[in-house]
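The structure under discussion appears below in the form of structure tokens.
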Amino acid sequence: MKHFFDLMEKILGAENGEVTLEIPEGNFNLLMLQALRDKGRRENKTIRFISTGPRSKRLIGSLEKGAGLPEIEREEKEAAKVPRSRGLVRKLVVPFAFLIGILIVLGAAAFGALYYLPKAEIILTLSPIPLVKEITVTVDTAATEMDAATGTVPGTSQVVEENGTKSTPATGTAIVGEKAKGTIAFTSTLNQHCSAGARLKEDSSSLVFTLDAATDFAILVPQDKAVTAEKIGTAYNITSGKTFHFLSGCDSIGSIAGQNSDAFTGGTSEEVTIATVADQSKLLTDLQKELVSKAKETIQSQSGIDEVLIDKVIKTTIVEKTYSHAVGEQAEQVTLTLKIKLTTITYKGTDIQNLISQSLSSLIPSGYTLFPGEVEIEPLDPVLKGSKLTFKAKVSAQVIQEIDEEKIKNDLAGRNARSAQDYLNSLSDVNAYELVLWPNLPESLQRIPKTIKRITITLVTEE
């Protein structure tokens, strides 16, 4: 069977229209000859058979006369003068011929699968020429098409509103509580008036209290008056029998004093969490950033992934802003409800790519082209004014020699691995290559697919 596939490969590898095949004496039959002849016809090649002995000569003669396999087998048996009966010969020859036929069909199918089903991936490494240039670009919402002469591309005015809420734990702390209250019996040595809020202190502790209501005092006439601690806290819950003197708010502060017959009560204090300026500022920054990102996604979904936004010229306006707690207000967490409006001008990436290609075309020498996928565009100093967006486009590109991928595929189709490698080595514009064949067979069986649809070429550049 090995001779059969060797002859098949010879038919496929022949470069002219005529193929000469030497037919071996052993392990060969008429069906194999017919398969070789049919393969030559499909490949548009003339097959010339040469015998290597009497048996192969009879096979070739039978093929040319149109004889069948059983007939030639019978002739061989008779020539060998094997003393067997006709019935026994028939019983042996028919199954044997059937088995050989199945093997040939399976072998031909396997060979065809190996020849037509493989896939080839070829990676060509090229040496690029770097190109850096700045181009003035105007994105105009009034433009309808790209104009390379003026550097203008059509633009789209974008106005999007987004709203949302966000919460954060309150981080401030404060001491809160109630002020102590009590009653003092005052005695004055002069007729005088004390206004509401007049300040007085307890002599032993210097704790300050204030008079709740304005009062006129007569000489040596005791009066009980309500007072309130100046600050919150339990320290102002003083015991009875304390002496008080006024600090301010009376006509003659040195001529009046008082004592409390009952202890003061009601003073309390505790540490609580409150909203701070930092809490509100963080909420505004974070939520606004999220809403801007959401607005950009809205623009992309409405306009397509090819739409380009320049972050530096996005104008954000706060439409509504409401905090759940004011600064200093007791709260475990602070919530912001925010609505913003985003305004900008966008353009299509394909338009700017076409503009750059036309603008750079005069700089690219004959036989060279821009390397696809390696053009970087950086917008410098963008300015949004009215219906126009202007900026300098810093273009970083790579220029490579033109590669005719279709010609390479056609030239490679049907070659064996060694021949394909020799061909790829001969490409003067290619610095290096990688050839990957599927399935991974022994080198003698590896072959580039005959159909170019199963050949892929990828271009890469040296780093």
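The values are calculated or read from the model by the stated rules, or taken from the named source; none is laboratory data. Here the structure is a predicted model, which is why all the values come from computation and not from measurement. Here the Cβ positions follow ideal geometry from the backbone for every residue, glycine too, while neighbour counts run over all protein chains shown.
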(request) Just give me the residues in region 453-463 being within 10 Å of Lys119 (Cα to Cα) and free of Cβ contacts under 8 Å to residues at least 12 places away in the same chain, in sequence order. (result) Lys453
(message) Tell me yes or no: at least one residue of region 301-322 is free of Cβ contacts under 8 Å to residues at least 24 places away in the same chain and among the aliphatic types (A, V, I, L, M).
(response) yes
(message) I'm checking my understanding of the structure. Among residues of region 302-344 that are in a strand (DSSP E or B) and hydrophobic (A, V, I, L, M, F, W, C), which one is farthest from Pro382 (Cα to Cα)?
(response) Val334
(message) What are the pairs with Cβ atoms under 8 angstrom where one residue, in region 242-263, is among the aliphatic types (A, V, I, L, M) and in a loop (DSSP other than H, G, I, E, B) and the other, located anywhere, is surrounded by 19 or more Cβ atoms within 10 Å (Cβ to Cβ) and at pLDDT 95 or above? Sequence gap at least six, or different chains.
(response) Ala263/Gly182; Ala263/Ile238
(message) Against the conditions (1) outside the structural domain of Ala185 (by TED's automatic domain parsing); (2) at positive phi; (3) surrounded by 14 or more Cβ atoms within 10 Å (Cβ to Cβ), where does Gly304 fall short? Just the number, please.
(response) (3)
(request) Might you let me know whether region 69-81 holds any residue that is modelled with pLDDT under 55, touching a Leu at 6+ places or on another chain (Cβ under 8 Å) and not assigned by TED's automatic domain parsing to the domain that holds Lys450? (result) yes
(request) Answer yes or no: is there a residue in region 224-236 that is in a strand (DSSP E or B), surrounded by fewer than 15 Cβ atoms within 10 Å (Cβ to Cβ) and not charged (D, E, K, R). (result) yes
